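The values are calculated or read from the model by the stated rules, or taken from the named source; none is laboratory data. If you're wondering where the values come from, they're calculated on a predicted model, not measured in any experiment. Cβ atoms come from the backbone with ideal geometry, glycine included; neighbour counts cover every protein chain shown.
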Amino acid sequence: MTNEELIAALRDADAVKYGEFELSHGGTSDYYVDKYLFETDPDCLERIAEAFAERLERAEWHAGDEKLAGVALGGVPLVAVTSVETGTPYVIARKQQKDYGTANLVEGRLDEGEEVVVLEDIATTGQSAADAVEALRDAGATVNRVLVVVDREEGASENLAEYDVELESLLTASELLDAE
């Protein structure tokens, strides 16, 4: 999967918007990558799964020995299709515990010491991914890597480095916006 193919898929899904947008961390931006548009488009979702699978394979990551994790809510469709593409089981990392049911921060089967790669949609500050890493580590996982669709290049890599986690993106905001 080339960057150009992935950029075309995001654009075909009409996921890149221009204007003035408030971001979840409180800042504003003159562009927005609408994860709900690219995550609900079957063609785009398939391309993202292929691209994530290629990245995992290149890193000599062996399905069966590790798990994937998706950050609720946006990472769930991404981890589900990547799980199917790679044959790798996954878990879901919640941002906060529910007051009912199991009240788990990590949903799914996770064994002590398992290596987990976190999949996320967009990284701005990287705090959602960092929170997921902490929840997974508290549940006994080993987490050293986060893969995202788009890195907005606004500090996520540096923030995750403080948790000894490498951030890898399929695309950066620069690549996505320069492709106009």
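Summary table below
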{"read-out": "Residue list for region 112-161, restricted to those being in contact (Cβ under 8 Å) with a residue 60 or more places away in the chain and in a strand (DSSP E or B)", "value": "VAL117, LEU119, ASP121, ILE122, VAL143, ARG145, LEU147, VAL149, VAL150"}
{"read-out": "Identity of the residue in region 95-116, surrounded by fewer than 24 Cβ atoms within 10 Å (Cβ to Cβ) and either touching a helix residue (DSSP H, G or I) at 6+ places or on another chain (Cβ under 7 Å) or of a type in the set (Val, Ile, Thr) (or both), that ends up modelled with the highest pLDDT", "value": "VAL106"}
